[in-house]
Amino acid sequence: MSAGRQVRHNGLMDDPLRLADEVVDALAGGRPVVALESTIIAHGMPHPRNVETALTLEAIVRSGGAVPATVALVDGLFRVGLSDDELERLGSSEQVSKVSLRDVGAVLASVGLGATTVAATMFAAHRAGIRVFATGGIGGVHRGDGSDASADLTALGRFPVAVVCAGAKAVLDLPHTLEALETLGVPVLGWRTDAFPEFWTRGGDLPVSARVDDAAHAAGVLDAHWSAGLTTGAVLGVPIPGDHEADRALIETAITDGLAATDAAGITGNEVTPFLLAHIADATGGASLDANVALVQENTRVATEVAVALAATR
Ligand code: PSU
Ligand code: MN
């Protein structure tokens, strides 16, 4: 990887996108790569569980025969593929910005550390030429305030990347989130399920737009979607492994209390999701954190299989 950014003669900076060497090699050889996000590391889980999880996810991708590419903003560069030391830095530093699409320029210019959300990670993956991305859950339309809608939806409508996730958290307004995805033309695929997964639970109330039963099937649908010329992303919803599924009533109570606490503390905007997550982790005595780790590992396994299958179709 080449070192820092150069100032060009016209005063503009060079493209800050930097791919790790092994990511460049894999893409050039048509081998599978799986993108991973960093907000889940910096803002979604406590230290040191976050760094352990990030390293485990990379190991899962490798053992499945693909190359991991964790995305973050580091020292003024938009990085695709991080070292273990950089993962540790992201997971342990106090000052890590949460970077969605609108924040990219400001955080790059500040030369600070930035953890990318689903939206900003999709953008980087698309620019790098990576088709598959694994995470915990996507952002969406918040309950109560329908005008608080995640830029993850915008990115899904714009960048042709498959986001493998446990659906979206029940902290959101899931029916409106699915309506927004439909309006944006984003397929919502269910991994061996007809129901949209609801993160801590397997779901059951809301339908996906199509079911896929294995990685070759998923890759076939994605390849057909993009080969037809559609330019949108896709959601591949993977239900949480059954032995980690949370009790629905318990989660619902924690969410209701969490939303009230969010209001009471005057938390708004992009701080809502991390605040709610921390509250729910506390309220469930850490069970929600264990579930979160388990599901993101499962999503990463599935994403790797799909990336391998997709690379085989090319
Ligand atoms: N869902 C999780 N954990 C997370 C997030 C979502 O289970 O950490 C993060 C993701 O990075 C997602 C972001 O992209 O929250 C959405 O935030 P917002 O609603 O502010 O766009
Ligand atoms: Mn928001």
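The values are calculated or read from the model by the stated rules, or taken from the named source; none is laboratory data. Since the model is a prediction, treat every value here as computed from it, not as a measurement. We place every Cβ from the backbone using ideal geometry, glycine too, and count neighbours over all the protein chains shown. All accessible areas refer to the heavy atoms of the entire protein, side chains included, with ligands and DNA or RNA removed. Shrake-Rupley method; radii C 1.70, N 1.55, O 1.52, S 1.80 Å.
Table for the structure above
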{"item": "Spin-label model distance (nm) - GLU271 vs ALA216, 7 Å beyond Cα toward Cβ", "result": "5.2 nm"}
{"item": "Under 5 Å, built H, 5+ apart or other chain: amide partners of THR70", "result": "LEU36, GLY81, LEU82"}
{"item": "Full-extension gain in nm, ARG31 to THR256, via 0.36 nm per residue minus C-alpha separation", "result": "76.6 nm"}
{"item": "Selection from ALA166, LEU222, LEU153 lying farthest towards where the dipole of the range 136-314 points positive, charges on Cβ", "result": "LEU222"}
{"item": "Residues whose placed amide H lies under 5 Å from that of ALA170, excluding near-sequence neighbours", "result": "TRP200"}
{"item": "Taking the C-alpha atoms of the range 136-314, convex hull volume expressed per residue in Å³", "result": "100 Å³"}
{"item": "Note, ³J(HN,Hα) from phi for the range 86-91, Karplus 6.51, -1.76, 1.60, rounded to Hz, x at Gly and Pro", "result": "5, 4, 4, 4, 5, x"}
{"item": "Cα point-scatterer Debye curve for the chain, base-10 log of I(q)/I(0) at q = 0.13, 0.14 Å⁻¹", "result": "-0.88, -1.03"}
{"item": "Added length on full extension, which subtracts the Cα-Cα distance from 0.36 nm per residue, ASP145 to ALA109", "result": "9.8 nm"}
{"item": "Gain on full stretching of the segment that runs from SER63 to GLU22 - 0.36 nm per residue minus C-alpha separation", "result": "13.2 nm"}
{"item": "Bridge type composition, the chain - antiparallel percent by DSSP, nearest 5", "result": "30 percent"}
{"item": "The chain, relative contact order in percent, only Cα pairs under 8 angstrom and at least six apart counted", "result": "18 percent"}
{"item": "Amide hydrogen neighbours beyond the local backbone of LEU17, cut-off 5 Å, H modeled", "result": "PHE78"}
{"item": "Accessible-area composition of the range 132-239, carbon plus sulfur, in percent [1.4 Å probe]", "result": "51 percent"}
{"item": "Probe 1.4 Å - accessible area at THR256, Å² to nearest ten", "result": "80 Å²"}
{"item": "The range 1-130 - percent relative contact order, Cα under 8 Å, separation 6 or more", "result": "28 percent"}
{"item": "Efficiency of FRET between ALA312 and ASP85 - r from beta-carbon atoms, R0 45 angstrom, step 0.05", "result": "0.85"}
{"item": "Exposure ranking of ASP173, ASP152, ASP84 by accessible area [1.4 Å probe, largest first]", "result": "ASP84, ASP173, ASP152"}
{"item": "Within the range 146-185: backbone nitrogen closer than 16 Å to the ASP263 label point (7 Å, Cα to C-beta)", "result": "146-148, 171-173"}
